[in-house]
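Take a look at the structure set out below.
The values are calculated or read from the model by the stated rules, or taken from the named source; none is laboratory data. Being a predicted model, the structure only gives us computed values, none of them experimental. Positions of Cβ are generated from backbone atoms using ideal geometry, with glycine treated the same way; all protein chains shown enter the neighbour counts. Quick note on the areas: whole protein, heavy atoms, side chains included, nothing else; ligands and nucleic acids left out. Shrake-Rupley method; radii C 1.70, N 1.55, O 1.52, S 1.80 Å.
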Amino acid sequence: MIFLALALQAADTMNPTDVRYRACLDLATSNPEAARNEAERFRLAGGGARARQCLGLAYAMEERWRDAAIAFEAAAQEATTAKDPLATRYWAQAGNAWLATGEPVKAYAALNNALADGTLTGQDKGEALLDRARALVAAGQLAGARTDLDAALDNAPKDPLAWLLSATLARRMKDLPRAQNDIGEALRLSADDASVQLEAGNIAALAGDADAAKKAWEAAVKIAPTSAAGQNARAALGQFDAPPAPAPAPSSK
């Protein structure tokens, strides 16, 4: 989970404040309600941006995405004011949470802040670029999303979600060879993901390969029958249902 991974990377020293920070993060994953109370006590005791980040993580574990986004953004703003280099990570977390609320404009702004100073590297940078691409897609800015996705793949080449979203974007942009290549990479990395199989079926259908499309959609249904991907795959399979036999013509006798 991006929130916990980024948070734990920030807790890399072990003075008393950092010990409390680490304990708060651990509590957020096991008992989010208790972690919210501890984060508030930690903030009043001078925990600063880290206390706010812990609060955001607790909200995220409860899927209270708007509350999480507000807490992460408050952590980022406080860290930015204090010139804390971890501010970029907090901005990335805020952007991810704003995406989960369905607010791509706020997500884009937060992710711009995360990427602005160039301190994010590797997987962290790749995930931030991937999230910014998602925000751009939601805003209908496909060319900008393509640029960010290409950069995300350079930084996080083993992330199946990046390949999946890249394939989906290529399909939407009518670039079938790119879509086929990228969904192949997503399948290689995560063939047991229903969303990957759903998109593999979509791309196969676009290419006119009905057998491959049917196979991929059947796999999506088998992997996660009640998920959105599984349900969409089941709907797509409906086109292969045999049509009802025509009614016999009425007898003229």
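Details
- Its Cα centre serving as origin, the chain has a Cβ charge dipole (Lys and Arg +1, Asp and Glu -1) of approximately 460 debye.
- Carbon + sulfur, % of accessible area of the chain - ligands and nucleic acids excluded, 1.4 Å: 53 percent
- In the range 50-145, the GluC sites (Glu not before Pro) that fall in loop regions by DSSP, at most 13 other Cβ within 10 Å: E63
- Normalised contact order of the chain, rounded percent, pairs of Cα under 8 Å and 6 or more residues apart: 9 percent
- Among the trypsin sites (Lys or Arg not before Pro) in the range 63-125, those placed in a DSSP loop whose Cβ has at most 15 other Cβ atoms within 10 Å are K83.
- From the coordinates shown, Rg/Rh (Cα atoms, Kirkwood Rh) corresponds to which of (1) 0.95; (2) 1.13; (3) 1.04: (2)
- Choice from L142, L161, L206 showing the highest fluctuation, given a GNM over the chain with Cα pairs closer than 10 Å: L206
- Separation between Cα centres of the range 118-192 and the range 46-79, rounded to whole Å: 27 Å
- Low-density loop positions, trypsin sites (Lys or Arg not before Pro), the range 166-237 - DSSP coil, at most 14 other Cβ in 10 Å: K174
- Ellipticity estimate at 222 nm from DSSP helix runs (n ≥ 4, -39,500 (n - 2.57)) divided over the chain, nearest 500: -24000 deg cm²/dmol
- 1.4 Å probe accessible area per residue over the range 81-222, in Å²: 46 Å²
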